[in-house]
Structures are given as structure tokens and as C-alpha cells.
Ligand SMILES: Cc1ncc(COP(=O)(O)O)c(C=O)c1O
């Protein structure tokens, strides 16, 4: 049987996340005895805080092991709604929250619920690769908004004005951004809202890194602007803030009609998120937050070191990110294609990193390094990178 003939056409429109592919290749090299410093995957290197683990354990012991309501347990939805109202100035109610397994399903479900063939979707480029993948899967037309180093990795609002049209169905925002670490401040978001008002589009605001900001600015959600709330789907979750990537727990906040559709997609796909993880997530939100702050400070210290060190390597240029846990240096001056650079850096240099163009065409000329790794490993990665860049420069002579 020719399996390729069997697959539905839509499967050819799905993309992937190169982080997982590079991880696989890096693991194979390690199995052959090669040294690899892993800076490819966006996963906290910290353990989930104890109070959350204890809460999950207690919940399991107390019998929270069956299905829950599809939309998510009311206590968790209430905790999320109160948190967003108190901390982000978004007056949400529990019935506007849908709990799902990770942040990703909110992306997928939003696209499935809203995007029809021919609809245009604006999204950040470089950006999380799954945005473009989901847009294409739903039959939409991806319209990349350049997020460039020369603009401090912010949305170019003047260009955005030219990119919206009557076909724009959805606009995706991501602050702090992956892979750039760019943060949109209140003025940026207000300027973006002004453009959104000229359209009939919904907004998906991916706020998964909103607790990882390294300046004194508070995250500003577009949904806190009164006339934007109805048209915004907030995506957030527990993976990054509480080092819970493997627990698979995230959520969306959206108007009630949209919440019904996303819940319908949930009942057709997952039934519900895992029960005891939802109970533990209530503890995550309502319990002590000191470990969140500890992790944030650790990422900040590492990124300050990493960006400083990268800027001492000739040919590399790196901004200190405003948030997230990634450094996104430019390697443009080295005159090597970023994919080739990342490939060779892994196989010859011993550092696993991602090519900027894996995040979209405007990511070209950069690489992404994750600082979710120990200071010792980052120091070693810098040593290896420096030696690798010297080798490349010697080849060019
Ligand atoms: C920008 C962004 N949004 C969403 C996600 C998805 O998070 P989760 O692991 O909770 O599905 C990630 C994960 O890397 C991300 O970088």
C-alpha cells in the first residue's frame, strides 16, 4: 500500500517544531559519545515546585483520577479568572476560561474554530513555528509580521497597518516573544489595538512567557483594553511559569461563545485535561509564588551572562531580551547561512541551537539559544561557540 496516497491533503500543510528534531539529532550524537550542550529546547531546567507536586499527589490519593468537566474544574477556572482580573486587569469570569492540555491546544483550537480557507492570519515572524503550521492546516493564508532586531524585536505597527485587509480573520501576538524575547509595552499594545479596530479580526494573545520579564515593566495584555476583550483569546499556561512542561496544562480566556466552541473541540479530542494536574494548578496559582521569582531571576542572570559573552564573539551581536528565556543573536556578519551554522555548530562545535529561519523567513541570520540551562553549561557553550566561530572565520580567510 502506498501510504503517501492515503493521507488527507491537509497533512501536507502541517509543519513541525525544529526544537524536537534537533533534540533527537543531539541525543543521537551523544549516544555516539560526542559532547553536546543542549541549548535547543525551550524547557525550564528547574523541577516543578514542591507545593505543586504535593498538591497533585494529594489529589491523586483523594481520588481525583477520573474525567472532569470538559471546560475544566470550576475551582481552577475561577482561580485563573481571578488571577487575570487582579494581575492583568482583564475582568474575566470562570465561564470565559477553558482549561486544555498545554498552551498549544489553544492555538490549534482557535485556528480550527475561526479560520476558513482563504482567510488571512497575521502572525509574528520570527515566531513560534506552530502558528504558521496551524494557520496553513486550517486553510488560512499566513501573513508574517516581521519582528526585527533593528526594531527591538517589536511589531512594526506601520507595516501592520499595510498588512491588514478585509480578509484578516485573526491577528496573533506573542509577548514576551519566542524566539526573540521581545516585549510589547502598553504603548505598543495600544498602537496595535488601534490597527485591530480597523479590522473585523479576532486577536490571539500568546502570553505564555508573561511571568518572565526582566525589566520593571508589567506585562500588558491587549485584553485589558475594554473594547479588545471581546475579540481577544488569551493563551497562557503552566509550562514555563511553574516549570510544568510535562504536566501538559494550559488555558485560554475568551468570550463565552468562543469558549463554547473551544470546549466542543475539547470534547471531540481530549474530553478534558488530566484531573489531578488541574487540582495542582489551583495550588500553583493560589500558593506561594517565590519559586516563580527565583526561576525568573536565574534566567535573567544567565541571559545577562550569555548575551554579554556572545557580544564578545566577533561577528555575533545579541540584545538582552526583555523577557522569555531565549537569546537570539544575529550571526549575519559571519556571512554563513543560519541553518548551515546551526547544523555545523551541533555536529562540529558541540552546541545544540536552533536556526533563526526555523522560526520564519525574518529569523534568517540569527540563531536561538535557550538559557534554560545551568550557568556551567552556558559557560561551556560559550567556549565551544567561540572556538567554532573562530574555525569558521579561519575557513573564510
Ligand atoms: C510562544 C509559545 N507559545 C506556546 C507554547 C506552548 O506551550 P505548551 O508546552 O504549554 O503547549 C510555547 C512552547 O514552547 C511557546 O514558546
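The values are calculated or read from the model by the stated rules, or taken from the named source; none is laboratory data. Note that the structure is predicted; figures quoted are calculated from it, not measured. No Cβ is skipped: glycine too gets one built from the backbone with ideal geometry, and neighbour counts run over all protein chains shown.
Annotations for the structure displayed:
- Tally, over the range 42-86, of residues that are at positive phi and surrounded by 15 or more Cβ atoms within 10 Å (Cβ to Cβ): 1
- Here the range 103-119 is the region considered, the condition is being crowded, with 21+ Cβ neighbours inside 10 Å and under 22 Å from residue 240 (Cα atoms), and the residue that is nearest to the ligand (Cβ to nearest atom) is 103.
- Neighbours by Cβ (under 8 Å, 6+ apart or cross-chain): first from the range 120-141, within 11 Å of the ligand (Cβ to nearest atom); second modelled with pLDDT under 95 and part of a helix (DSSP H, G or I): 129/18
- Test: residue in the range 251-268 that is within 16 Å of the ligand (Cβ to nearest atom), under 24 Å from residue 149 (Cα atoms) and touching a residue at least 60 places away in the same chain (Cβ under 8 Å): no
- Residues of the range 26-56 satisfying the condition of being more than 20 Å from residue 239 (Cβ to Cβ) and either assigned by TED's automatic domain parsing to the domain that holds residue 129 or over 22 Å from the mean Cα position of the chain (by Cα) (or both): 27, 28, 29, 30, 31, 32, 33, 34, 35, 36
- Residue 348 vs. criteria touching a residue at least 60 places away in the same chain (Cβ under 8 Å) and more than 30 Å from residue 238 (Cβ to Cβ): no
Each row is one residue, and each column tells you yes or no for (1) at pLDDT below 95; (2) farther than 26 Å from residue 111 by Cα; (3) not in a helix (DSSP H, G or I).
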position	(1), (2), (3)
263	no, no, no
285	no, yes, no
304	no, yes, no
308	no, yes, no
313	no, yes, yes
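- Checklist (1) outside any loop (DSSP other than H, G, I, E, B); (2) in contact (Cβ under 8 Å) with a residue 24 or more places away in the chain applied to residue 78, failing item: (2)
- Of all residues making up the range 318-338, the number that are under 19 Å from residue 40 (Cα atoms), touching a residue at least 60 places away in the same chain (Cβ under 8 Å) and surrounded by fewer than 16 Cβ atoms within 10 Å (Cβ to Cβ): 1
- Under the condition of being closer than 18 Å to residue 300 by Cβ and crowded, with 20+ Cβ neighbours inside 10 Å, the residues counted in the range 357-383 number 9.
- Positions within the range 230-248 being away from the ligand (no atom under 11 Å from the Cβ) and touching a strand residue (DSSP E or B) at 6+ places or on another chain (Cβ under 7 Å), in sequence order: 231, 232, 233, 234
- Residue list for the range 157-175, restricted to those being over 27 Å from residue 13 (Cα atoms) and touching a strand residue (DSSP E or B) at 6+ places or on another chain (Cβ under 6 Å): none
- Counting only residues that are over 15 Å from residue 369 (Cβ atoms), in contact with a helix residue (DSSP H, G or I) (Cβ under 9 Å, 6 or more places away or on another chain) and assigned to a loop (DSSP other than H, G, I, E, B), the range 316-356 holds 3 of them.
- Residue that is more than 24 Å from residue 223 (Cα to Cα) and touching a strand residue (DSSP E or B) at 6+ places or on another chain (Cβ under 8 Å), where the choices are 258, 295, 316: 316
- Qualifying residue in the range 169-187 (condition: surrounded by fewer than 22 Cβ atoms within 10 Å (Cβ to Cβ) and within 16 Å of the ligand (Cβ to nearest atom)): no
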